[in-house]
Structures are given as C-alpha cells and as structure tokens.
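Step one of this worksheet: look at the structure below.
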Amino acid sequence: MRAPAPPFELSIGDLVLEGMTPGARQVCAAAFSAEFELIVLNRGTASFAKQDHSEWQLPTLTLPAHTGDQPRRVGRALAVALYEALHYAGEGR
C-alpha cells in the first residue's frame, strides 16, 4: 500500500481558455481538475512536494489546441502538462 502523499496546495492564478464558450470552459476546467487529481493519486508528488518552497512561480504553459478539440480532452492535456512542469521543476531541471 502506498504511503499517503504529503499535503500540498495548488493555486492557479489564471487559467486562460481562449476560443471556448463559457460552457466549454467549465467542462475543460472540471476535466483539468479531475485529471490532475488522478495523476497525483497515481504518480504521487514526491518530486515536487518535498521541496522546501513555499511558493513556486512556473512559466506560462501553452498547450496548442486545434479547432474542434473537445473541452474534456483539452482539460486532461492541461493537467498532464502542469504535472510534468511541476515534476521537472522539482527535479531542478
């Protein structure tokens, strides 16, 4: 059984979703949140939660999306991109 992950708080200043209707933005944001939670539960936070940083400023993540991409797909892709950015920042890359 996996040990519980250390607590951490993720605060996103702005999640800009250009070119989506308000309803699609809500679907995308919900998919992002759910996918990020699943990734953390499955992969853990060891690479970044144990760091002695009270706050990190990550660069802006830009995810190219194509016309017609489903909001859920975009939200899931954003979650993966954010997790990878945190992982690499935690490893000092």
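The values are calculated or read from the model by the stated rules, or taken from the named source; none is laboratory data. This one's a predicted model, so the numbers in the text were calculated from it and none came from an experiment. All Cβ positions, glycine included, derive from the backbone under ideal geometry; neighbour counts span all protein chains shown.
Return the pairs, sorted by first residue and then second, in which the second residue is surrounded by 17 or more Cβ atoms within 10 Å (Cβ to Cβ) and of a type in the set (Lys, Arg), the first residue lies in the stretch 26-44 and is under 15 Å from Arg73 (Cβ atoms), the beta carbons are less than 8 Å apart, and the residues are 6+ apart or on different chains.
Sorted first by the residue in the stretch 26-44, then by its partner, the pairs are Ala31/Arg76; Phe32/Arg76; Glu35/Arg76.
I'm told Gly23 meets every condition in (1) over 22 Å from Gly90 (Cβ atoms); (2) modelled with pLDDT under 70 except one. Can you identify the failing condition by its number?
Answer for Gly23: the failing condition is (2).
In the stretch 10-26, which residues are under 18 Å from Ala85 (Cβ atoms) and surrounded by 17 or more Cβ atoms within 10 Å (Cβ to Cβ)?
Here is the first cut: in the stretch 10-26, the residues under 18 Å from Ala85 (Cβ atoms) are 10-17.
Within the stretch 10-26, Leu17 is the sole residue that qualifies.
Looking at Ala89, Ala29, Ala85, which one is at pLDDT 70 or above, in contact with a Gly (Cβ under 7 Å, 6 or more places away or on another chain), outside any loop (DSSP other than H, G, I, E, B) and surrounded by 10 or more Cβ atoms within 10 Å (Cβ to Cβ)? Step through it out loud before you land on a result.
On the way: Ala89 fails: in contact with a Gly (Cβ under 7 Å, 6 or more places away or on another chain); Ala85 fails: in contact with a Gly (Cβ under 7 Å, 6 or more places away or on another chain).
From the options Ala89, Ala29, Ala85, the qualifying one is Ala29.
How many residues does the stretch 68-78 hold that are buried (at least 20 other Cβ atoms within 10 Å of the Cβ) and either in a loop (DSSP other than H, G, I, E, B) or under 8 Å from the mean Cα position of the chain (by Cα) (or both)? Lay out the reasoning, then the answer.
Taking the stretch 68-78 first, the residues buried (at least 20 other Cβ atoms within 10 Å of the Cβ) are 71, 74-75, 78.
Next cut, either in a loop (DSSP other than H, G, I, E, B) or under 8 Å from the mean Cα position of the chain (by Cα) (or both) only: 78.
Residues in the stretch 68-78 being buried (at least 20 other Cβ atoms within 10 Å of the Cβ) and either in a loop (DSSP other than H, G, I, E, B) or under 8 Å from the mean Cα position of the chain (by Cα) (or both): 1 in total.
Out of all the residues in the stretch 37-52, is one or more assigned to a loop (DSSP other than H, G, I, E, B), on the phi > 0 side of the Ramachandran plot, at pLDDT below 90 and out of contact with any helix residue (DSSP H, G or I) (no Cβ under 7 Å at 6 or more places or on another chain)? Steps first, answer last, please.
At the first step, the residues of the stretch 37-52 found to be assigned to a loop (DSSP other than H, G, I, E, B) are 44-45, 50-52.
When the remaining residues are screened for being on the phi > 0 side of the Ramachandran plot, the result is 44.
Subsequent filtering for residues that are at pLDDT below 90 retains 44.
Of the ones still in play, those that are also out of contact with any helix residue (DSSP H, G or I) (no Cβ under 7 Å at 6 or more places or on another chain) are 44.
Yes, that holds for at least one residue.
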